[in-house]
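The values are calculated or read from the model by the stated rules, or taken from the named source; none is laboratory data. In this text, all values refer to a predicted model and were calculated from it rather than measured experimentally. Here the Cβ positions follow ideal geometry from the backbone for every residue, glycine too, while neighbour counts run over all protein chains shown. In case anyone asks, the SASA skips ligands and DNA or RNA and just uses the protein heavy atoms, side chains included. Shrake-Rupley method; radii C 1.70, N 1.55, O 1.52, S 1.80 Å.
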Amino acid sequence: MARSAHPRNVGSHGIRTHMTLPMSEEFSGTRIAASARSTRRKPHFRVLRRLVSSPKGAIGLGIVAVMVFIALFGPFIAPLDPYKQDFMATLKGPSAAHWFGTDQLGRDVFSRILHGAHTSLGIGIGGVAVAFLFGVPLGLAAAWFRGWFDQLVMRAVDIMLSFPDIVFALALVALLGPSTMNVIIAVGTVSIPVFIRTARAVALSTLAEPFVEGSVALGCSPLRVMARHVLPNMAGILVTLSSLLFASTLLTASGLSFLGLGTQPPEPEWGTMLGESRSYIRSHPYMATFPGLFLAISALGFNLLGEELRNIYDPTAAKTRRAHWFGGLAKAARRKPVAAPTAIPDMPQDVLVVGRDLEVSYLTASGALPAVRGVNFTLRRGRMLAVVGESGSGKSTLLRAVGTILPRGQALISDGTLAIGGEDVSTMTPERLQQMRRKHIGVVFQDASSALNPVMTVGAQLIEAILSGNPMPKAQARSRAAELLAAVQIADPQERLDQYPHQFSGGMKQRIVIAIALAQNPDILLADEPTSALDVTIQQQILVLLRRMQQESRMAMMLVTHDLGLVSRYADDVAVIYGGRIVETGTVEEVFRNPSHPYTRALRAAAPRLHAPGEGKRLSAITGDPPMLGQFPPGCSFAPRCGRTHGRPLCQTQTPEPRPVGGKLVACHFAEEV
């Protein structure tokens, strides 16, 4: 693996991890090899599992499978000869002898539909293939060569798209003559611009990535760059587009056949059969009903399949993860809110948030996977709780749960209790949750640039946050917005209100995000790595600002960060989280002065310090990697990386519960060992 070549890796926040494999028996080489083999097998069926787990995808896939079966085997299962004429049985309605009736020449409609499926679907497939084979290469070439070639291709695309599809196809068939092959060419040509524009847009984005620029710098040919880097990154999008275009291509081809410009009689084809039924639509409507029904169902099936494929492959869309709709959804669904929120008794006045045995799970096709497991914590007024740990340990998930902003349909509180302001979150109505979120919780996100709308002025965004659920005159709201900017130490606040986010530096953008979070005077302030994208001096300023405003307003604050130095200087309490569990918590002084959990000690040892004993030596490293979601080892999650577990099966079989050790709560069987 790539990591094994570089055994020591230093993160941007000073925490070093040692990329060697754990030596415990639980993670032996045999198991790792078996896991790798199973992981390689999974991608082959991942898309199919996602399709089947969604009602839309399952229905679409089922319809497409049935239509493909009919197209392949229809001529063999047709009960009668689709070409045989019987003038003694013309225009007979549906019966046991003729399930869909007969046409004006006495031919069996059901047999003609089965036999014509391969022609109708074949035209759709052929049209998409023509569009794909011409459109994708042209789009890639336009993205690569740019300049005059790109302009020429895109202007031609604009001209082609200015005509309605059916009119353009009619003109082409009129020039080429009516036939099945000419219909394929016509409907394929109509769809070429769609593939050109899609391929060009995705290719331009991919070609700007550093890994592609590196390949070009190394001398890779354009063909190799496109084949190895660009096409694999757009494969999912092209598959989705092909599925969606198939339906429109099928309907366009059937429209041409309906007008007599497609497949010619006596060949059975659904559009042609609709055209032949025009004279009998009032007296014998079944002749148009059944071919039209098969066309509609086929188009519906491919549209449903394409929509679900877009949900799977689109990296920018918010994918709604559902438990399996055959029964898993009922197990993973959130508990229904009751009419009135349940109050939590005996909560002290200074306690604003309490979590008890809290579990937060993400919904996947295979079920709910817990990311935060059995967590207990408290947020008190006027105090800052810092949550620290490696990436993937569950810090941001815990913060989002407290902020009631878990991604809808993707994650939920699956067990335990989360109480905010003395009310159980699981029993709140959506209206009460929205009110709680608006009035009592402020959130400072990690990336200030993405947290601000680039097309709205800073003042408009601040005023929007101020007026949300709090109507007041706009002049008063603007005055309040200027006060907030002044409070976060932005000079000339009245003038700055009319500027856009791109006119501010990174540190000033983060100050604006803090001002928006404070717009409603919240009781709880949540900060998710608010300084990770800033330089060291700006980090200091932002943390000083947050700490000052938190103390002035006596807010309860949760800070998620990797930087132990910032925690030691600004936080009151700290919770060290690993594998979704809080392994050690207490005051900053107690935890950092005398850490008891091996993971806390390893984090402290891995953080660089100035003027410390042993200065100039290599920093110690944490062996192994953090556990992946859904792959937590039995017993203590840290056991595979811990030096205390050798010869102690208790660590690998029994999960340690937090217990008091020297003024802290520590989840370790051997916390007293130094």
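Results for (1) part of a loop (DSSP other than H, G, I, E, B); (2) in the same structural domain as I59 (by the TED database); (3) over 26 Å from the mean Cα position of the chain (by Cα), shown as yes or no for each residue.
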| residue | (1), (2), (3) |
| --- | --- |
| V239 | no, yes, no |
| T252 | no, yes, yes |
| P265 | yes, yes, yes |
| S279 | no, yes, yes |
| H284 | yes, yes, yes |
| P291 | no, yes, yes |
| L295 | no, yes, yes |
| L300 | no, yes, no |
| L305 | no, yes, no |
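When the stretch 516-553 is filtered for residues that are among the basic types (K, R) and either touching a helix residue (DSSP H, G or I) at 6+ places or on another chain (Cβ under 8 Å) or open to solvent by less than 20 Å² (accessible area, probe 1.4 Å) (or both), only R547 remains.
Those residues that are more than 24 Å from the chain's Cα centre (by Cα) and open to solvent by less than 10 Å² (accessible area, probe 1.4 Å), I need them from the stretch 213-237; list them, please. V225, the sole residue that qualifies. Looking only at the stretch 88-97, decide whether some residue is among the charged types (D, E, K, R) and out of contact with any helix residue (DSSP H, G or I) (no Cβ under 9 Å at 6 or more places or on another chain). Yes: one or more hits.
Tell me, which residue of the stretch 147-162 that is small (G, A, S) and assigned to a helix (DSSP H, G or I) is nearest to A203 (Cα to Cα)? First the steps, then the outcome.
Step one: of the stretch 147-162, the residues small (G, A, S) are 147, 156, 162.
Remaining after also requiring assigned to a helix (DSSP H, G or I): 147, 156.
Values: G147: 15, A156: 19 Å.
Of everything passing the filter in the stretch 147-162, G147 is nearest to A203 (Cα to Cα).
So, of the residues in the stretch 60-108 that are aromatic (F, W, Y) and in a loop (DSSP other than H, G, I, E, B), which turns out to be surrounded by the fewest Cβ atoms within 10 Å (Cβ to Cβ)?
Filtering the stretch 60-108 down to residues aromatic (F, W, Y) leaves 69, 73, 76, 83, 87, 99-100.
From what's left, in a loop (DSSP other than H, G, I, E, B): 83, 87, 99-100.
On the way: Y83: 14, F87: 8, W99: 14, F100: 22.
The selected residue is F87.
Okay, residues lined up against (1) over 33 Å from the mean Cα position of the chain (by Cα); (2) surrounded by fewer than 21 Cβ atoms within 10 Å (Cβ to Cβ):
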{"position": "L462", "(1), (2)": "no, no"}
{"position": "L467", "(1), (2)": "no, yes"}
{"position": "M472", "(1), (2)": "yes, yes"}
{"position": "A475", "(1), (2)": "yes, yes"}
{"position": "A481", "(1), (2)": "yes, no"}
{"position": "Q499", "(1), (2)": "no, yes"}
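Within the stretch 554-591, the set of residues being touching a helix residue (DSSP H, G or I) at 6+ places or on another chain (Cβ under 6 Å), open to solvent by 40 Å² or more (accessible area, probe 1.4 Å) and of a type outside the set (S, T, N, Q) is empty. For the structure I just gave you, tell me whether D165 is over 17 Å from A247 (Cα atoms) and among the acidic types (D, E). No: the conditions fail for D165. Counting only residues that are of a type in the set (D, E), closer than 28 Å to G60 by Cβ and open to solvent by 10 Å² or more (accessible area, probe 1.4 Å), the stretch 275-311 holds 1 of them. Listed by position, the helices (runs of 4 or more DSSP H) enclosed by the stretch 388-464 that each have at least 1 residues that are touching a Lys or Arg at 6+ places or on another chain (Cβ under 7 Å) are 448-451.
Just one of (1) out of contact with any His (no Cβ under 6 Å at 6 or more places or on another chain); (2) more than 16 Å from V388 (Cα to Cα); (3) among the aliphatic types (A, V, I, L, M) fails for I577. It is (2).
In the stretch 599-606, the count of residues that are in contact (Cβ under 8 Å) with a residue 12 or more places away in the chain and part of a loop (DSSP other than H, G, I, E, B) is zero. Residues in the stretch 544-587 that are hydroxyl-bearing (S, T, Y) and in a helix (DSSP H, G or I): S553, S568, Y570. With respect to the conditions (1) in the same structural domain as V576 (by the TED database); (2) outside any loop (DSSP other than H, G, I, E, B); (3) within 27 Å of G507 (Cβ to Cβ), S479 lacks only one, and its number is (1).
Residue-level check: of (1) touching a residue at least 24 places away in the same chain (Cβ under 8 Å); (2) open to solvent by 70 Å² or more (accessible area, probe 1.4 Å); (3) outside any helix (DSSP H, G or I), I125 misses just (3).
Residues that are more than 17 Å from L245 (Cα to Cα), within 33 Å of the chain's Cα centre (by Cα) and surrounded by fewer than 17 Cβ atoms within 10 Å (Cβ to Cβ): does the stretch 133-145 have at least one? For the stretch 133-145, residues more than 17 Å from L245 (Cα to Cα), within 33 Å of the chain's Cα centre (by Cα) and surrounded by fewer than 17 Cβ atoms within 10 Å (Cβ to Cβ): present.
All conditions but one from (1) open to solvent by less than 10 Å² (accessible area, probe 1.4 Å); (2) within 23 Å of S257 (Cβ to Cβ); (3) not in a loop (DSSP other than H, G, I, E, B) apply to G57; the one that does not is (2). Residue count for the stretch 173-208, restricted to those that are open to solvent by 20 Å² or more (accessible area, probe 1.4 Å), under 27 Å from I237 (Cβ atoms) and either of a type in the set (G, A, S) or in contact with a Ser or Thr (Cβ under 8 Å, 6 or more places away or on another chain) (or both): 3.
Being over 30 Å from A419 (Cα atoms), in contact with a Gly (Cβ under 6 Å, 6 or more places away or on another chain), in contact (Cβ under 8 Å) with a residue 12 or more places away in the chain and not aromatic (F, W, Y) narrows it down to one of A481, A487, so name that one. Explain how you work it out, then say what you get.
On the way: A487 fails: in contact with a Gly (Cβ under 6 Å, 6 or more places away or on another chain).
Among A481, A487, only A481 is over 30 Å from A419 (Cα atoms), in contact with a Gly (Cβ under 6 Å, 6 or more places away or on another chain), in contact (Cβ under 8 Å) with a residue 12 or more places away in the chain and not aromatic (F, W, Y).
Taking the criterion of being under 23 Å from S361 (Cα atoms) and either in contact with a Lys or Arg (Cβ under 7 Å, 6 or more places away or on another chain) or not hydrophobic (A, V, I, L, M, F, W, C) (or both), the residues of the stretch 552-596 that qualify are V560, T561, H562, I577, Y578, G579, G580, R581, E584, T585.
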